[in-house]
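First the structure, in the form of structure tokens, and then the observations on it.
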Amino acid sequence: MSEIVIYEDGRVKLETTVSKDTIWLNQKQLCELFERDKSVISRHIHNIFKEKELEQDSVVAKNATTATDGKTYQVEYYNLDMIISLGYRVNSKRATQFRRWATKILKDYLLQGYSLDRERLKKEKLAELERTIKTIKQAVESRTLAENEAKGFIEIIGNYAKSWALLQGYDEQTLQEVIVTKENRFILDYDEAKEAIAALKKELMAKAEATELFGNEKAGEFKGNLLNIYQSFGGEDLLPSVEQKAANLLYYIVKGHPFNDGNKRIGAYLFVLFLLKNGILHKPNGEARINDNALAALTLLVATSLPEQKEIIIRLIMNMLADTI
């Protein structure tokens, strides 16, 4: 146990002991803390136990204390759970001050704890990666793995680091919206979109990969999909970035089935066309942001997702387009 200061408001300064991962005050200290006499504190403690807010065995500990008369007495101490419960029951100016103080401390703890948890998770992921690389290196040194195999494993870990982060974010529902490209170089209007779909249909039918039903629109639904991605309010786009518009366009077509046949292929095709015309289909080094296999997998994911998963699916698509991870 060690002496620490737990509370100080200019008039009251209480010292207590730490034991069993909590702090402890006796009844005299509780009376001083909340500026109420022993009968009031005793009544509240009795009610807390009576209402089963706390279990007595869990929050009370007896400690032998030597009094000024030289005799040893068993004094009851109450832990932090009881201190907080009393703080929110006692009616006094001092108790009000304590509640404000406790609320601020809890808020600070939650905010700082969240930040610390994020840093801890980052460190854990880094440590995990370092352990993996260390294992591979040890395997090379013991000749369990050939040097070229080990090099391949390390390249996989590094090259697909973004994928691991995206999959973790998807599983934990923690992916955030990313707004990268605000300038719309290309506005996909209805007539141009229909011409593009007609060109795709012609090519696919030539290879016997589509029928006459391909791309036949249902009652103007597709036009509504296009209007949705360009909605605005007060002169501001509701979907401000190109990435948001592209992600929603893919989702609306694949999930909304505005055509009698070919919704997945049309959705994927217009998604790529939209990115290309807006100049963000490729990275600065010329590499496609979404490759062939990724496009197919993403389209199928949208098609098989549940309606309530829309927001996380949209964020996943946007994160895949961004180079922020």
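The values are calculated or read from the model by the stated rules, or taken from the named source; none is laboratory data. Just so it is clear, the structure is predicted and the values come from calculations on it, not from any experiment. Cβ placement follows ideal geometry from the backbone for every residue including glycine, while neighbour counts extend to all protein chains displayed. Calculation scope for accessible area: heavy atoms of the full protein, side chains included, ligands and nucleic acids excluded. Shrake-Rupley method; radii C 1.70, N 1.55, O 1.52, S 1.80 Å.
Here are the numbers for this structure:
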quantity	calculated
Whichever residue in segment 304-325 is closer than 19 Å to Lys255 by Cα and assigned to a loop (DSSP other than H, G, I, E, B) and, among such residues, is most open to solvent (accessible area, probe 1.4 Å)	Leu306
Verdict on Lys223 being open to solvent by 50 Å² or more (accessible area, probe 1.4 Å) and in a helix (DSSP H, G or I)	yes
Residue check, Leu301 of a type in the set (A, V, I, L, M, F, W, C), surrounded by fewer than 19 Cβ atoms within 10 Å (Cβ to Cβ) and in a helix (DSSP H, G or I)	yes
Segment 227-254, subset crowded, with 19+ Cβ neighbours inside 10 Å and charged (D, E, K, R), residue modelled with the highest pLDDT	Lys245
Members of segment 56-84 found to be in contact with a helix residue (DSSP H, G or I) (Cβ under 8 Å, 6 or more places away or on another chain) and free of Cβ contacts under 8 Å to residues at least 12 places away in the same chain, listed by number	Gln56
Residues located in segment 205-238, provided they are in contact (Cβ under 8 Å) with a residue 40 or more places away in the chain and at positive phi	Gly215
Segment 255-291, subset within 30 Å of the chain's Cα centre (by Cα) and without any contact (Cβ under 8 Å) to a residue 12 or more places away in the chain, residue surrounded by the most Cβ atoms within 10 Å (Cβ to Cβ)	Leu281
Positions within segment 26-53 being part of a helix (DSSP H, G or I), of a type outside the set (S, T, N, Q) and touching a residue at least 40 places away in the same chain (Cβ under 8 Å), in sequence order	Leu30, Leu33, Phe34, Val40, Ile41, His44, Ile45, Ile48
Yes/no for Gln112 being of a type in the set (S, T, N, Q), modelled with pLDDT under 60 and not in a strand (DSSP E or B)	yes
Subset tally (residues that are part of a helix (DSSP H, G or I) and over 15 Å from Glu243 (Cβ atoms)) for segment 274-293	2
Any hit, segment 44-55, residues being open to solvent by less than 70 Å² (accessible area, probe 1.4 Å) and at pLDDT below 85	no
Residue within segment 230-239 that is part of a helix (DSSP H, G or I) and more than 28 Å from the chain's Cα centre (by Cα) present	no
